[in-house]
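Working notes, structure below.
The values are calculated or read from the model by the stated rules, or taken from the named source; none is laboratory data. Because the structure is a prediction, the values reported are computed rather than measured. Neighbour counts run over all protein chains shown; Cβ positions are idealised from the backbone, glycine included.
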Amino acid sequence: MSKTIDSFSGKYDFLSNFYMHEVDYEGKRYPSTEHAYQAAKSLDPAEREKVRKARSAGHSKKLGRNIKLRTDWESVKVDVMRTVVREKFKSPRLKQMLLDTGKAKLVEGNHWGDTYWGVCKGRGKNWLGKVLMEIRKELSVANDAFVNAVLKMDSPEEKLERIRNILFPIAKRFYNDAPDMIKVPKSEMAALHVLVINNKNWK
């Protein structure tokens, strides 16, 4: 039976929308997915900018409670969440952290009464958890498809060329997002990243 991760804090704080990691949304960069989600509640550029500049994710949520909602908000809010969370996990570091949760059920357990995005006192729709698991599956399928395609190649030279041509842009993003103490050359980091995270044996 797969385990359940029911708290987006501590080791799993990166799953929370309050985790500070910049995301791009509709031409603007936001300090967190919470900032972007709360700003998306309005179509007024001035209101969005006010939320974007909020000093913290918690502050952006507070501002979002008082924002004049766009008329279609209830019908689009889950898709907005998917968009901003998917953008967050374009980060190779965060992507791998999400994949490392394996098949665990992701539940945003909370004590503040959110039974739409999470679960409180055993009750809730857990939409944030569902979105995270959906994106995790997308990333896992994409990883497996890429690695399996490379594994089918006959020559080591062809595999290496594939790494160089396709993975180097990913390598640059991963390297730039990695801690400063990592000194592995970017090209080697690309190959190492894909080989290790996919747990494949290359022959």
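Results, tabulated for the structure shown:
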read-out	value
Region 111-146, residues that are within 14 Å of the chain's Cα centre (by Cα) and closer than 18 Å to Glu34 by Cβ	Leu128, Gly129, Lys130, Val131, Leu132, Ile135
So Lys90, is it farther than 18 Å from Ser9 by Cα and either of a type outside the set (Asp, Glu) or touching a Pro at 6+ places or on another chain (Cβ under 9 Å) (or both)	yes
Qualifying helices (runs of 4 or more DSSP H) (wholly inside region 47-109; at least 3 residues being touching a strand residue (DSSP E or B) at 6+ places or on another chain (Cβ under 6 Å) and either modelled with pLDDT of 95 or more or surrounded by 13 or more Cβ atoms within 10 Å (Cβ to Cβ) (or both))	73-88
Matching residues, region 110-121, being assigned to a loop (DSSP other than H, G, I, E, B) and surrounded by fewer than 17 Cβ atoms within 10 Å (Cβ to Cβ)	His111, Trp112, Gly113, Thr115, Tyr116, Lys121
Hits in region 92-105 (condition: touching a residue at least 24 places away in the same chain (Cβ under 8 Å) and over 16 Å from Tyr19 (Cα atoms))	Leu99, Thr101, Gly102, Lys103, Ala104, Lys105
Leading residue by the ranking (farthest from Arg86 (Cα to Cα)) among those in region 37-46 that are more than 21 Å from the chain's Cα centre (by Cα) and assigned to a loop (DSSP other than H, G, I, E, B)	Asp44
Flag for Asp180 being modelled with pLDDT under 85 and either among the basic types (Lys, Arg) or out of contact with any His (no Cβ under 7 Å at 6 or more places or on another chain) (or both)	yes
Output for region 1-36, where each listed residue is closer than 25 Å to His111 by Cα, part of a strand (DSSP E or B) and under 13 Å from the mean Cα position of the chain (by Cα)	Met20, His21, Ser32
Whichever residue in region 1-46 is surrounded by 15 or more Cβ atoms within 10 Å (Cβ to Cβ) and acidic (Asp, Glu) and, among such residues, is nearest to Cys120 (Cα to Cα)	Asp6
Ala46 touching a helix residue (DSSP H, G or I) at 6+ places or on another chain (Cβ under 8 Å) and farther than 21 Å from Ala104 by Cβ	no
